[in-house]
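What follows is one structure encoded as structure tokens, with my remarks underneath.
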Amino acid sequence: MRTAAGVVLAGGRSSRMGEAKAGLDWHGSTLLYRASAVLARTVDGPVVVVAAPGQDLPDLPAGVAVVEDPVEGLGPMQGLAAGLASVADRAGAAFVCSTDLPFLHPAYVRRVLRALTEGVDVVLPLAKGFRQPLAAAYRTGLADLVGTLIGEGNLRPGMIFEHCAVTRLTDEDLLADTDLARHDPDLDSVLNVNTPADYAAARDRPPPLVAVECFGALAKGGTHRPREVRAATIGAAATAAGLTLDRHVVAAVNGDQVTRDGRLPLVAGDTVAFLSADAGG
């Protein structure tokens, strides 16, 4: 797959929730922070958040840009057009999602993007019995088509699929991916939160199981051996390991992404290694 971007739509009205979903707390960060950070650690291109005109957003991960939707009230189609257009010069494809997918897993993102092969314009999952246009992959060149549809008064995402080549992925197609089947067998990656009850139920779920290990001066009393803990963020994993993320400690996620960002989200199957920064970690 050539360079792929990430687009998070944050400008929904959240009428059923009663407040903006983007700023809802998620284990010490926010739903928006989590969604954009999951994409940032998964795709190799830019990640942008599309906001409604004048919308106040919570903090975002370093490197994530904000694109303002030029017109309010046109729903996800306008956000999709703005998001795709903003990254079209840097990526040929984009994974597009809403801000309210608290269990989005990188394995799901990778599986969907992998299906965007030559001649395919959209990869549309049909997961959990529903079409998932806001957890799907799009060619960024579709921005003009989406803009034309909006101009004609077609504001439903389903209209896009009548004008381009679409690959549809069923639950079985998605779970044929062994990594996704192992870490998200129920396809909770597409489970969104629309109401306070949805949000409360999602928050009550136990955090994902991750492996934690310590190295160098931090490995005391056998803590260099990997052990499983439940942690939704790097900060929570550090606490479980008896550590504090500061200028003396860094974390490496799955052997590559090095960070001190305690809000960086973790997912099932992650391995977090803590190292002493003073020792060159």
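The values are calculated or read from the model by the stated rules, or taken from the named source; none is laboratory data. Treat the numbers as computed from the prediction; the structure is a model and nothing was measured. Here Cβ is always computed from backbone atoms with ideal geometry, including for glycine, and neighbour counts include all displayed protein chains. Calculation scope for accessible area: heavy atoms of the full protein, side chains included, ligands and nucleic acids excluded. Shrake-Rupley method; radii C 1.70, N 1.55, O 1.52, S 1.80 Å.
Run the accessible area of segment 135-281 with a 1.4 Å probe and give the carbon-and-sulfur part as a rounded percent.
Values: 3580 of 7110 Å².
Carbon and sulfur: 50 percent of the exposed surface of segment 135-281.
From the gyration tensor of the Cα coordinates in the chain, what semi-axes in whole Å does the equivalent ellipsoid have, largest first, with each one equal to sqrt(5λ)?
Gyration-tensor ellipsoid for the chain: 34, 19, 18 Å.
Using R₀ = 22 Å, calculate the FRET efficiency as 1/(1 + (r/R₀)^6) where r is the Cβ-Cβ separation of residue 227 and residue 182; round to 0.05. List each step's numbers first, then the result.
Working: r = 19 Å, r/R0 = 0.88.
Computed FRET efficiency for residue 227 and residue 182: 0.70.
Carbon and sulfur: what percent of segment 1-89's accessible surface (1.4 Å probe)? Let's see the in-between values first.
Working: 1690 of 3730 Å².
Within segment 1-89, the accessible surface is 45 percent carbon and sulfur.
Among 158, 92, 262, determine the one that fluctuates most according to a GNM of the chain built with springs between C-alpha atoms less than 10 Å apart.
In this elastic network of the chain, the residue with the biggest mean-square fluctuation among 158, 92, 262 is 158.
Could I get the Rg over Rh figure for segment 58-104? Both from C-alpha atoms, Rh via Kirkwood, rounded to two places. Walk me through the numbers on the way to the answer.
Values: Rg = 11.8 Å, Rh = 12.3 Å.
Checking Rg against Rh, the ratio lands at 0.96.
Want the number for residue 65 to residue 148: 0.36 nm per residue separation, take away the alpha-carbon distance, what's left? Please list the in-between numbers first.
Numbers: separation 83, 0.36 × 83 = 29.88 nm, distance 2.51 nm.
Difference between extended and current length: 27.4 nm.
In the full protein assembly as shown, how much of residue 228 is accessible to a 1.4 Å probe, in Å² to the nearest 10?
Approximately 130 Å² for this residue.
Length gain on complete extension for the stretch residue 15 to residue 217, per 0.36 nm per residue less the alpha carbon to alpha carbon distance?
Numbers: separation 202, 0.36 × 202 = 72.72 nm, distance 5.07 nm.
In short, 67.7 nm is gained.
Dividing the Cα convex hull volume of segment 82-226 by residue count, how many Å³ per residue is that? Don't jump to the answer; show the numbers that get you there.
On the way: hull volume 24.8 nm³, N = 145.
Enclosed volume per residue, from the Cα hull, is 171 Å³.
What's the Cα-based Rg to Rh of segment 185-266, Rh via Kirkwood? Don't jump to the answer; show the numbers that get you there.
Working: Rg = 15.0 Å, Rh = 14.3 Å.
On the Cα set of segment 185-266, Rg over Rh gives 1.05.
With viscosity set to 0.890 mPa s and temperature to 25 °C, compute the Stokes-Einstein D of segment 1-79, Rh being the Kirkwood radius across alpha carbon pairs; µm²/s, no decimals.
Numbers: Rh = 13.0 Å.
In µm²/s, the coefficient rounds to 188.
So how far, in whole Å, is the C-alpha centre of segment 176-242 from the one of segment 84-159?
Taking the Cα centre of segment 84-159 as reference, the centre of segment 176-242 is 27 Å away.
Could you pull the Cα extents of segment 49-130 along its three principal axes, largest to smallest, in whole Å?
Between the extreme Cα coordinates on each principal axis of segment 49-130 lie 35, 28, 28 Å.
Okay, helix-only estimate at 222 nm for the chain: each DSSP H run of n ≥ 4 adds -39500 (n - 2.57), divide by all residues, round to 500 deg cm²/dmol; what do you get? All intermediate terms of the calculation are to be shown ahead of the outcome.
Numbers: 8 runs with 67 residues, N = 281.
Here the helix-only value at 222 nm equals -6500 deg cm²/dmol.
Per residue, how much accessible area does the chain have with a 1.4 Å probe, in Å²?
Details: 12400 Å² over 281 residues.
Per-residue value: 44 Å².
At a Förster distance of 25 Å, what's the computed FRET efficiency of residue 120 paired with residue 258, Cβ-Cβ distance as r, to 0.05?
Working from the Cβ atoms, E equals 0.15.
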